[in-house]
């Protein structure tokens with residue numbers, strides 16, 4: 001089953017400069033997951049500043065934002081093929097995050113109409 005691991009952080013908390021370069025650890029974990037055939041995708045996301053928010057209003061798309069008041073921001077994600085919830089939680093616990101961050105573990109619902 002596919003799980004999405006959303007790496008979320010609280011942007012109101014200060015950055016700890018000792019924790020800022022976690023990329024080498026992410027690269028090692030990603031390579032391990034690729035070698036196991038479990039890696040289905042993932043990426044870091046650009047900062048929230050200036051992003052548009054698209055909503056449908058009165059049947060037409062409307063662009064709003066950016067909304068600076070957002071406290072929690074998704075900074076990146078992994079999509080991993082796990083045998084069960086327990087494996088997903090164990091893998092999520094290995095994702096390097098800052099002290100102001102956490103990982104949400106979400107099963108991916110796939111629908112394939114025929």
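The value of relative contact order for the chain, using C-alpha pairs under 8 Å at least six residues apart, is 51 percent.
According to the square roots a ≥ b ≥ c of the eigenvalues of the Cα gyration tensor, what is the shape class of region 1-42, taking rounded for a/c under 1.5, prolate for a/b larger than b/c otherwise, and oblate for the remainder? Oblate. The ranking of 26, 112 from fewest to most other beta carbons within 10 Å of each one's beta carbon is 112, 26.
Residues considered: 17, 91, 45. Largest GNM mean-square fluctuation over the chain, using C-alpha springs under 10 Å, is found at 17. Largest GNM mean-square fluctuation across 51, 74, 95, computed for the chain with C-alpha springs under 10 Å, falls on 51.
Anisotropy class assigned to region 74-114 is oblate, per the alpha carbon gyration tensor with a/c at or over the 1.5 cut-off and a/b no larger than b/c. When the Cα gyration tensor is reduced to axis lengths a ≥ b ≥ c, the ratio a/c is 1.5 or higher for region 4-93, and with a/b not above b/c it is classed as oblate. Mean-square fluctuations from a GNM of the chain, with a 10 angstrom spring cutoff on Cα atoms, peak among 59, 37, 50 at 59.
Computed from the coordinates by the stated procedures, all read-outs in this text should not be read as laboratory data. Quick caveat: nothing in here was measured; it's all calculated off a predicted structure. Neighbour counts are summed over all protein chains in view; Cβ atoms, including those assigned to glycine, are modelled from backbone coordinates with ideal geometry.
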